[in-house]
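Visitor: Before we start, here is the structure in question, set down as structure tokens.
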Amino acid sequence: RLWLTLGVLTGTMCVAAASPPLLVPTALSALCVLMRLGCMDLSDAWAAVNGPVLLSIALSFALGKAIEVSGLAASAASSLVAIVAPFGSLALLFAIYAVAIAIGAVISNNAVVVLMFPIVVRMSEASGVPWRAALYTLTMAASASFSTPVSYQTNLMVSRDADYAFADFVRFGLPLQLVCMLATVPTCYLLYK
């Protein structure tokens, strides 16, 4: 069963890499194959679904749309651009990164991207910063969620098993986030200016 599972997983990854729109049907097909061949049962599949995480992601999409429709995205973007734009495009990318890691300290990385996406798009339009640089900066900042245990699912898993305190994440995660920021922002700026 191990080799069969590895084969199905490898096939799923290859199909998804070759054609990303086929990811969901391929993954569902792989799940059905694994269940039919006895590699897992339905209770194992349902136990792997994390309801609160899926709910927070779904709700963040709704909140992101509300931020855009209400005009908050445009307002926040124009305020940030007005404050940071005089310092240049690089400063604007640093501001995007800093805001994303600040929000990412309290919500999941997926929610950070969904919430900030409309704001970052408006900032790019208003300031003339290439949208690729801004969006890559946003996604990298959201993925560098090291400073709190609640900012990423694996942080929660590790904190319980390793008996980490909240302060441990701040002490080691925040410097790591700053190092990532110092590497990511100039790279995005140079690649897409």
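The values are calculated or read from the model by the stated rules, or taken from the named source; none is laboratory data. All figures in this text were calculated on a predicted structure; none of them were measured in a lab. Because the Cβ atoms are built from the backbone with ideal geometry, glycine has one as well, and the counts that use them run over all protein chains shown. Accessible surface areas use protein heavy atoms only, side chains included; no ligands, DNA or RNA. Shrake-Rupley method; radii C 1.70, N 1.55, O 1.52, S 1.80 Å.
Visitor: Among the residues of the stretch 76-88, write down those that are more than 14 Å from V99 (Cβ to Cβ), free of Cβ contacts under 8 Å to residues at least 40 places away in the same chain and open to solvent by 50 Å² or more (accessible area, probe 1.4 Å). Even if it seems obvious, please write down each step before you answer.
Guide: From the stretch 76-88, those more than 14 Å from V99 (Cβ to Cβ) are 78, 82, 85-88; that's our starting set.
Now restrict to residues that are free of Cβ contacts under 8 Å to residues at least 40 places away in the same chain: 82, 86-88.
Hits for the stretch 76-88 are A82, P86, F87.
Visitor: Moving on to the next point. Considering only the stretch 152-174, state which residues are in a helix (DSSP H, G or I) and within 28 Å of R132 (Cβ to Cβ). It would help to see each step written out before you state the result.
Guide: Step one: list which residues in the stretch 152-174 are in a helix (DSSP H, G or I), which gives 153-162, 166-174.
If the condition is that a residue be in a helix (DSSP H, G or I) and within 28 Å of R132 (Cβ to Cβ), then Q153, T154, G173, L174 are the ones that fit.
Visitor: Given the criterion aliphatic (A, V, I, L, M), surrounded by 15 or more Cβ atoms within 10 Å (Cβ to Cβ), over 18 Å from L135 (Cβ atoms) and touching a residue at least 24 places away in the same chain (Cβ under 8 Å), identify the matching residue among V15, V8. Can you show your working first?
Guide: Details: V15 fails: touching a residue at least 24 places away in the same chain (Cβ under 8 Å).
Residue meeting the stated conditions: V8.
Visitor: With open to solvent by less than 60 Å² (accessible area, probe 1.4 Å), of a type in the set (A, V, I, L, M, F, W, C) and either in contact with a Phe, Trp or Tyr (Cβ under 7 Å, 6 or more places away or on another chain) or outside any helix (DSSP H, G or I) (or both) as the only criterion, which of L31, L93 stands out? So that I can check it myself, show each step before the final result.
Guide: Working: L31 fails: either in contact with a Phe, Trp or Tyr (Cβ under 7 Å, 6 or more places away or on another chain) or outside any helix (DSSP H, G or I) (or both).
It is L93.
Visitor: Does S43 qualify as being modelled with pLDDT of 85 or more, exposed (fewer than 11 other Cβ atoms within 10 Å of the Cβ), of a type in the set (S, T, N, Q) and over 28 Å from V113 (Cα atoms)? It would help to see each step written out before you state the result.
Guide: Values: modelled with pLDDT of 85 or more: yes; exposed (fewer than 11 other Cβ atoms within 10 Å of the Cβ): yes; of a type in the set (S, T, N, Q): yes; over 28 Å from V113 (Cα atoms): yes.
The answer is yes for S43.
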